[in-house]
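Engineer: Dumping the structure here so I can ask a few things about it.
The values are calculated or read from the model by the stated rules, or taken from the named source; none is laboratory data. The structure presented is a predicted model; accordingly, all values stated were derived computationally and were not measured. Using ideal geometry, Cβ is built from the backbone for each residue, glycine included, and neighbour counts are taken over all protein chains shown.
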Amino acid sequence: MFTAGVAGLSVIAASIRNGLQPATEIWLSAALVVVVILHARMGFALTKAQAEIEMLRRLTSRYRNRDEDGDAPKSAKPAKSAASSAQADATSLAPVFSIDSADDLSEEDTKMLERVRDAIEGGRVDLYLQPIVSLPQRKVRYYEAFSRLRDAQGRILRPTDYLEAAERANRIGDIDNLILLRSVQAFRKLRVREHQLAVFCNISPATLFDTEFFNQFTDYLELNADLSTRLVFEFTYPAIHMMHPRFEENLKSIAKRGYAFSIDHVPSLDLDWEALREKNFRFVKAPSSLLLAAGGGDEVAATRLRTFRKRISDAGIDLIAEKIEFESHMPEVLSLGIDYGQGNLFGPPRPAEFYVVKDNQEADSLAQAS
């Protein structure tokens, strides 16, 4: 098919060069070219879908093998086979993980983890967004993404609900990996305009140090290069601070594919910002309370904050003040010359569709006004 398409293009080029207009040959060649393009696009789409299936199949296989090898008792509910996961449609994949029924796992923990498992298997991982606005204009520039699980009754399962149970069952990494992949899938399926702004997506420490999964995730991001301008991956400072060489290589690999990074949970303003920028960290999030405390008081404190602002600005890093909750805090925040703000004052986390519809409506209004 590819050879036929090339031959068709050659016929068209020869015809134009010789001033001929063989309509039949031109139409046939054009049809062959269209077929080649459609086959190429279909093959690329299938490759991306297969990558998702393969990642989930391997995750499922890892959990199933853990039980079969005797490292843990059989789960309360049998896991689906890897083959059945591989045959699932890429838009409705159902990853599974096992739950240990060990004696040291309480009945309450077991029930909670079963609710988590059922939510993931049922694809009930919802994408929530919270706006990040420019200051002082308060215009939405980015969003931060959060994942929310829903149980069979539609009740929201927040991380605080199942985090301790997952840690006691040694399943926090499994859950984080599956939720991350589901969240990226949900983001890809959003029907948004071409100018849709970038979204910050959190990656947990458990995922960072699962090098097998992270290597697969890096390959998955390469296949989805179209997301590189729309996803900013956010890491906590402790996770980056404890980064081992293998993970650092994965981080470089993602950066080479055009993905930018953000860092939060910073303990102070005196960090090696230049080194972080070299790793493609373009954003830093700091609690508004930390910034206000650093900028308040005597002239020494104010000078220290100005030095910090200049350092990150020179390094090409944008500052986001988070956890801004009250209007009364805004005069102080604005006096610090901060680039961006985030917090319930500008909008709480809501289902992604809420903000997507709102943005599209505002874009339509602007288009009509112009």
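Engineer: Considering only residues of the stretch 208-243 that are under 26 Å from Leu271 (Cβ atoms) and of a type in the set (Val, Ile, Thr), which is nearest to the chain's Cα centre (by Cα)?
Structural biologist: Val232
Engineer: Report, by residue number, each residue of the stretch 259-273 that is touching a Leu at 6+ places or on another chain (Cβ under 9 Å) and surrounded by 13 or more Cβ atoms within 10 Å (Cβ to Cβ).
Structural biologist: Tyr259, Ala260, Phe261, Ile263, Val266, Leu269
Engineer: Right, another one. What residue, among those in the stretch 272-302 that are small (Gly, Ala, Ser) and part of a loop (DSSP other than H, G, I, E, B), is modelled with the highest pLDDT?
Structural biologist: The qualifying residue modelled with the highest pLDDT is Gly296.
Engineer: Still on this structure: What number of residues in the stretch 335-352 are at pLDDT below 90 and either exposed (fewer than 14 other Cβ atoms within 10 Å of the Cβ) or in contact with a strand residue (DSSP E or B) (Cβ under 7 Å, 6 or more places away or on another chain) (or both)?
Structural biologist: 4
Engineer: Based on what the data block shows, is Val284 under 21 Å from Met330 (Cα atoms), β-branched (Val, Ile, Thr) and touching a residue at least 12 places away in the same chain (Cβ under 8 Å)?
Structural biologist: Against the criterion (under 21 Å from Met330 (Cα atoms), β-branched (Val, Ile, Thr) and touching a residue at least 12 places away in the same chain (Cβ under 8 Å)), Val284 qualifies.
Engineer: May I pose another question? Can you name the residue in the stretch 208-237 that is more than 13 Å from Ile254 (Cα to Cα) and among the hydroxyl-bearing types (Ser, Thr, Tyr) and is also modelled with the lowest pLDDT among such residues?
Structural biologist: Thr211
Engineer: For Ile179, indicate whether it is surrounded by fewer than 20 Cβ atoms within 10 Å (Cβ to Cβ) and in contact with a strand residue (DSSP E or B) (Cβ under 7 Å, 6 or more places away or on another chain).
Structural biologist: Here the answer is no, as Ile179 does not meet what is asked.
Engineer: Go through Lys310, Lys285 for me and flag whichever is crowded, with 19+ Cβ neighbours inside 10 Å and basic (Lys, Arg).
Structural biologist: Lys285
Engineer: May I pose another question? Determine, yes or no, whether Tyr220 is over 29 Å from Pro287 (Cβ atoms) and touching a Leu at 6+ places or on another chain (Cβ under 9 Å).
Structural biologist: yes
Engineer: Does at least one position in the stretch 240-260 carry a residue that is closer than 21 Å to Ile312 by Cα, assigned by TED's automatic domain parsing to the domain that holds Phe281 and part of a strand (DSSP E or B)?
Structural biologist: Yes, the stretch 240-260 contains at least one residue that is closer than 21 Å to Ile312 by Cα, assigned by TED's automatic domain parsing to the domain that holds Phe281 and part of a strand (DSSP E or B).
Engineer: Would you be able to tell me the number of residues in the stretch 303-336 that are out of contact with any helix residue (DSSP H, G or I) (no Cβ under 9 Å at 6 or more places or on another chain), assigned to a helix (DSSP H, G or I) and closer than 14 Å to Leu290 by Cα?
Structural biologist: Going through the stretch 303-336 one residue at a time, the tally reaches 1.
Engineer: Tell me whether the stretch 206-228 contains one or more residues that are buried (at least 21 other Cβ atoms within 10 Å of the Cβ), in contact with a strand residue (DSSP E or B) (Cβ under 6 Å, 6 or more places away or on another chain) and touching a residue at least 40 places away in the same chain (Cβ under 8 Å).
Structural biologist: Within the stretch 206-228 (the criterion being buried (at least 21 other Cβ atoms within 10 Å of the Cβ), in contact with a strand residue (DSSP E or B) (Cβ under 6 Å, 6 or more places away or on another chain) and touching a residue at least 40 places away in the same chain (Cβ under 8 Å)), the answer is no, since none of the residues qualifies.
Engineer: Same structure again: Would you tally the residues in the stretch 128-151 being of a type in the set (Asp, Glu) and free of Cβ contacts under 8 Å to residues at least 12 places away in the same chain?
Structural biologist: 0
Engineer: Only one residue in Arg138, Arg188, Arg155, Arg168 is modelled with pLDDT of 90 or more, over 27 Å from Ile324 (Cβ atoms) and surrounded by fewer than 18 Cβ atoms within 10 Å (Cβ to Cβ), so which one is that?
Structural biologist: Result: Arg155 is the single residue among Arg138, Arg188, Arg155, Arg168 that is modelled with pLDDT of 90 or more, over 27 Å from Ile324 (Cβ atoms) and surrounded by fewer than 18 Cβ atoms within 10 Å (Cβ to Cβ).
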